[in-house]
Amino acid sequence: MLLLQFEEAERCYNRQLELTGGDIYGFYNRSYFYYETEQLDRAIADADSGIALDPEFGPMWSNRGLALQHKYGIKHPEALESLTKAVELISQHIAKNPREVWAYCHRGRAYRSLGKLDDAIADQSSSIALDPEYTQAWSDRGLAHYQRGDWSAAQADFKHAISLRPTGAQRRRAAQLGPFSTTA
């Protein structure tokens, strides 16, 4: 059943790219889907296609950096360069658009991947302050707390994320990440 859902999701992303003639958001969405499903070469290729369309789109650099890190390791120079570029571009976007919830969330994710956990937590907290129901920010902040070793803060954020959108995938991810219960 899950494989059929992945295949259907991929068909939808492919159709989006067909209908738009290959727009940046189509490549961004499919790149992140490929990253999440561990199809890393495809994630990197789509990120590169998106960057070719708009080299100033910071979240695409973030996708590229995340996929490169997952494939080659967290210290891979090209991954670090992509994530640093993502932080730079998203910071420029935030300076012009300080109420963009997604921007803080994406920059926080890049910071976390760079090991800058305090910056990651601050950005996810900014995202949450702008939209307290933005599930991804709660989940990402929980991951940063987890990486820092703050189990109780991680648990609280994961529980809150699950309460907002209790999907099976989030419950499984939260359960895999720590030695604590994720039940409410």
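Structure values in brief
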{"quantity": "Scan of segment 54-66 for residues that are surrounded by 24 or more Cβ atoms within 10 Å (Cβ to Cβ) and of a type in the set (Phe, Trp, Tyr), ordered by number", "calculated": "TRP61"}
{"quantity": "Positions within segment 124-151 being within 15 Å of TYR111 (Cβ to Cβ) and aromatic (Phe, Trp, Tyr), in sequence order", "calculated": "TYR146"}
{"quantity": "Residue list for segment 84-114, filter: under 18 Å from ALA137 (Cβ atoms) and among the aliphatic types (A, V, I, L, M)", "calculated": "ALA86, VAL87, ILE90, ILE94, VAL101, ALA103, ALA110, LEU114"}
{"quantity": "Close pairs from segment 50-78: first without any contact (Cβ under 8 Å) to a residue 24 or more places away in the chain, partner in a loop (DSSP other than H, G, I, E, B) and not hydroxyl-bearing (Ser, Thr, Tyr), Cβ under 9 Å, at least 6 apart", "calculated": "ILE51/PHE57"}
{"quantity": "Scope segment 20-47; condition in a helix (DSSP H, G or I), free of Cβ contacts under 8 Å to residues at least 24 places away in the same chain and over 14 Å from the mean Cα position of the chain (by Cα); matching residues", "calculated": "THR20, TYR25, GLY26, ARG42, ALA45, ASP46"}
{"quantity": "Residue that is surrounded by the fewest Cβ atoms within 10 Å (Cβ to Cβ), among those in segment 1-53 that are among the hydroxyl-bearing types (Ser, Thr, Tyr) and closer than 14 Å to ARG64 by Cβ", "calculated": "SER49"}
{"quantity": "ALA129 being at pLDDT 95 or above and assigned by TED's automatic domain parsing to the domain that holds PHE27", "calculated": "no"}
{"quantity": "Residues (crowded, with 19+ Cβ neighbours inside 10 Å and under 13 Å from ILE90 (Cα atoms)) located in segment 101-119", "calculated": "ALA103, TYR104, CYS105, HIS106, ARG107, GLY108, ARG109, ALA110, TYR111"}
{"quantity": "Filtered residue count, segment 15-58, keeping only those that are closer than 19 Å to ALA103 by Cα and not aromatic (Phe, Trp, Tyr)", "calculated": "12"}
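The values are calculated or read from the model by the stated rules, or taken from the named source; none is laboratory data. Given the structure is predicted, the values throughout are model-derived calculations rather than measurements. Note that we place each Cβ from the backbone using ideal geometry, even for glycine, and neighbour counts take in every protein chain shown.
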